[in-house]
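Data first, discussion second: the structure below is written as structure tokens.
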Amino acid sequence: MNELGQALCAQARAEGFDDVGLCRADAEMPHRQEVDDALSSGRFDVFPWLTDTKDQRLDVRARMASAQSVVVVVQSYWQGDHEDHVDVDTLAGHAKVSRYAWGQDYHHVLRRKLRRLRKWLIARVPGARVAPFNDVDAVTERAWAVACGLGFIGKSGMFISQTLGTYTFLGGLLTDVALVDERFAGTSDDVPRVRPGCGSCTACLDACPTQAIVAPQRVDPLRCLTTWNVEEPQDPRGDAFAGSGWAVGCDVCQEVCPWNKFAVVTREKRYRPRHVSIDPALPPDDVAGTPLARPGQENLAHLARRARRGT
């Protein structure tokens with residue numbers, strides 16, 4: 001990376017991100033063929049916003065034609081085990097809530113930090129185009145994290161950092177500013193890639209409560225609990241997985257991943273657990289600003305009953 005790229009990485013860490021990397025926007029996106037095959041297969045038709053934006057997800061320059069650099073940031077949200085936090089057992093009627101949903105909505109937290117990083121870059125390159133992204137945008141952020149040398153995609157399909165594990169949020173910037181040293185122009189070896197590190201381990205495939213990981217790095221969204229308790233909480237197809245114990249999301253593939261021995265407790269106070277009642281009679285702003293707003297407070301009691309059924 002050039003001097004400006006190094007300065008931007010330092011600023012990203014100053015903003016509270018745990019890791020940061022960058023690469024050229026015209027670099028080959030890792031796993032591009034697998035992403036293309038998945039979005040073309042029909043498996044993800046339940047998520048039309050994925051298939052409708054396939055072109056952008058396969059090439060960031062379809063999103064920003066003038067893009068020269070991709071910046072990816074990583075932030076830990078690890079806070080320990082469920083038994084370490086008494087309140088999380090009551091977040092959804094004594095059914096489990098995925099750790100990503102324990103605190104404030106990470107989209108908002110990441111966006112604020114990324115907007116500050118954008119402002120910093122524009123102050124140094126007036127007129128620059130800089131577009132923040134995280135997982136609500138049509139950027140395949142896990143693949144670009146690999147392209148930036150920050151980790152690899154595990155057999156669970158999760159991004160794995162060798163220094164932070166899997167409990168991480170990803171985001172970044174697309175920009176028309178050149179941040180990679182010009183001597184690498186036209187090559188694909190400007191950033192050393194992290195070699196996949198799962199080896200012969202199949203812990204995530206073996207432990208998945210619904211066998212949603214049908215092959216290494218291949219997740220069937222129609223079997224994944226998160227599809228039915230976050231994205232489609234009222235869909236009756238979710239009843240097929242009653243008794244899982246998980247009301248919102250699922251962390252099983254992460255709980256068994258050996259790489260999480262490196263999990264680092266988050267420095268971000270806004271990700272710490274907050275108590276949220278599932279009583280549908282309470283005002284809806286009880287879940288406002290948290291990931292629990294996605295399934296909705298009116299659905300939480302239903303999801304808790306379904307999660308506990310048969311247990």
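The values are calculated or read from the model by the stated rules, or taken from the named source; none is laboratory data. Model, not experiment: these values are computed from the prediction. Heads up, the Cβs are rebuilt from the backbone with ideal geometry, glycines too, and the neighbour counts pull from every protein chain shown.
The table that follows gives values for the structure above.
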quantity: Qualifying residue in the stretch 173-196 (condition: more than 25 Å from V130 (Cβ to Cβ), surrounded by 17 or more Cβ atoms within 10 Å (Cβ to Cβ) and at pLDDT 95 or above); calculated: no
quantity: Residue list for the stretch 125-157, filter: under 22 Å from W259 (Cβ atoms) and not in a loop (DSSP other than H, G, I, E, B); calculated: E141, R142, A143, W144, A145, V146, A147, F152, I153
quantity: Flag for E3 being without any contact (Cβ under 8 Å) to a residue 12 or more places away in the chain, farther than 19 Å from D137 by Cβ and out of contact with any helix residue (DSSP H, G or I) (no Cβ under 8 Å at 6 or more places or on another chain); calculated: yes
quantity: Residues (assigned to a loop (DSSP other than H, G, I, E, B) and within 18 Å of the chain's Cα centre (by Cα)) located in the stretch 240-255; calculated: G249, C250, D251
quantity: Breaking point among (1) within 25 Å of L292 (Cα to Cα); (2) out of contact with any Ser or Thr (no Cβ under 6 Å at 6 or more places or on another chain); (3) touching a residue at least 24 places away in the same chain (Cβ under 8 Å), for V264; calculated: (2)
quantity: Condition check for K113: modelled with pLDDT of 95 or more and farther than 27 Å from Q33 by Cβ; calculated: yes
quantity: Considering residues of the stretch 118-136 that are under 28 Å from V230 (Cβ atoms) and buried (at least 17 other Cβ atoms within 10 Å of the Cβ) only, the residue modelled with the lowest pLDDT; calculated: N134
quantity: Answer from R223, R237, R195 - the residue that is more than 27 Å from R115 (Cβ to Cβ), not assigned by TED's automatic domain parsing to the domain that holds G103 and not in a loop (DSSP other than H, G, I, E, B); calculated: R237
quantity: First in the stretch 107-121 and farther than 17 Å from S76 by Cβ and assigned by TED's automatic domain parsing to the domain that holds P132, second anywhere and assigned to a helix (DSSP H, G or I) and not charged (D, E, K, R), Cβ under 7 Å, 6 or more apart; calculated: L117/Q11; L117/A12; W120/Q11; L121/L8
quantity: Qualifying residue in the stretch 68-86 (condition: more than 18 Å from the chain's Cα centre (by Cα) and at pLDDT 90 or above); calculated: yes
quantity: One residue from D206, D235, D239, D220 being touching a strand residue (DSSP E or B) at 6+ places or on another chain (Cβ under 6 Å), surrounded by fewer than 17 Cβ atoms within 10 Å (Cβ to Cβ), modelled with pLDDT of 90 or more and among the charged types (D, E, K, R); calculated: D220
quantity: Hits in the stretch 10-53 (condition: without any contact (Cβ under 8 Å) to a residue 40 or more places away in the chain and closer than 17 Å to G151 by Cβ); calculated: R13
quantity: Any chance L114 is surrounded by 22 or more Cβ atoms within 10 Å (Cβ to Cβ) and of a type in the set (A, V, I, L, M, F, W, C); calculated: yes
